[in-house]
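Reviewing the structure listed below.
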Amino acid sequence: MSIIDGIKSHSKTAKWIGVLLVIAGIICMFSPLATGAAVATLVGLMLSFAGISLLLLAFRAGSFGPGMMVFLVGALTLVTGIYVMTEPFGALVVLSVFLAMYFAVTGIVEVIYAFRAKPAQGWGWLLFGGLVSLLLGIVMWRQMGVSGAWAVGVLVGIRLLLSGFELLAIGGAAGRVANALDEAVGG
C-alpha cells in the first residue's frame, strides 16, 4: 500500500467515524435525561470496578499495614461507584461540574490547536468546535443549579456532534490532498 492509498484509507475512516459521532450526538441531544443517566451509570460502573480492583490489591498487599491506605481508597471508590449507579440523577450534578471543566479545557486546547493548524484546510472547524466547547463549559458553569440532569446529555450530544463535523472536515481535506497527490504523481 502506498502512502497515498494510506491517506485515502484513513480519510475514509475519519469520515465514517465523523458520521457515527454526528448520529450519536443527535441521539444524545434528543434524549438528554437518558444520556445523562447512562453517563452517570457508566461512571459508577467504572468507579465500582476500580474500587474492587483496589480492594483486591489491598488484600494482596496485606490490608492491615502497608495496604491499609489502598484498602480505604478502594472501599471509598467502591461505595462511591455503587452510589453513582444507584442514584444517577443525583450524581449528574457532580458530573455537571466535571463536564463544565472538561468542555472549557478541551475548548481552550482546540482553539490553540486550530491557530497552530491555521493554513491547513479544516482549521476553521477546529476553531469553531473549540469556541463552542469553551462556551458550553462557561454556560454550564454559570447555570450549574439550573442545568440539572438534562445538561449532561445535551452538552455531550453537542460535543459529539461537533467532533463528528470536525472529523468529516479533516477526513474530507485529507482525501482531497491524497487525490491531488495521486493526480500529480500519476499525471
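The values are calculated or read from the model by the stated rules, or taken from the named source; none is laboratory data. Values in this document were obtained by computation on a predicted structure and should not be read as measured data. When we count neighbours, we look across all protein chains shown, and the Cβ atoms used for this are built from the backbone with ideal geometry, even at glycine.
On the basis of being in a helix (DSSP H, G or I), modelled with pLDDT of 85 or more, over 30 Å from Ala169 (Cβ atoms) and not aromatic (Phe, Trp, Tyr), does Thr80 make the cut? When the stated conditions are applied, Thr80 passes them. Annotation note: of Trp125, Trp141, the sole residue that is touching a residue at least 40 places away in the same chain (Cβ under 8 Å) and closer than 20 Å to Ile26 by Cα is Trp125.
Among residues of segment 86-114 being touching a Leu at 6+ places or on another chain (Cβ under 7 Å) and of a type in the set (A, V, I, L, M, F, W, C), the one that is surrounded by the fewest Cβ atoms within 10 Å (Cβ to Cβ) is Ile108. If you go through segment 115-131 one residue at a time, how many are assigned to a loop (DSSP other than H, G, I, E, B), surrounded by 14 or more Cβ atoms within 10 Å (Cβ to Cβ) and not hydrophobic (A, V, I, L, M, F, W, C)? Final tally of qualifying residues: 2. For Glu87, state whether it is out of contact with any strand residue (DSSP E or B) (no Cβ under 7 Å at 6 or more places or on another chain) and closer than 18 Å to Ser163 by Cβ. Answer is no for this residue. Under the condition of being of a type in the set (A, V, I, L, M) and over 26 Å from the mean Cα position of the chain (by Cα), the residues counted in segment 1-21 number 3. Looking only at segment 42-50, decide whether some residue is of a type in the set (Val, Ile, Thr) and crowded, with 16+ Cβ neighbours inside 10 Å. Yes: one or more hits. Checking the stated criteria, Ser133 turns out not to satisfy the condition of being of a type in the set (Ser, Thr, Tyr) and touching a residue at least 60 places away in the same chain (Cβ under 8 Å).
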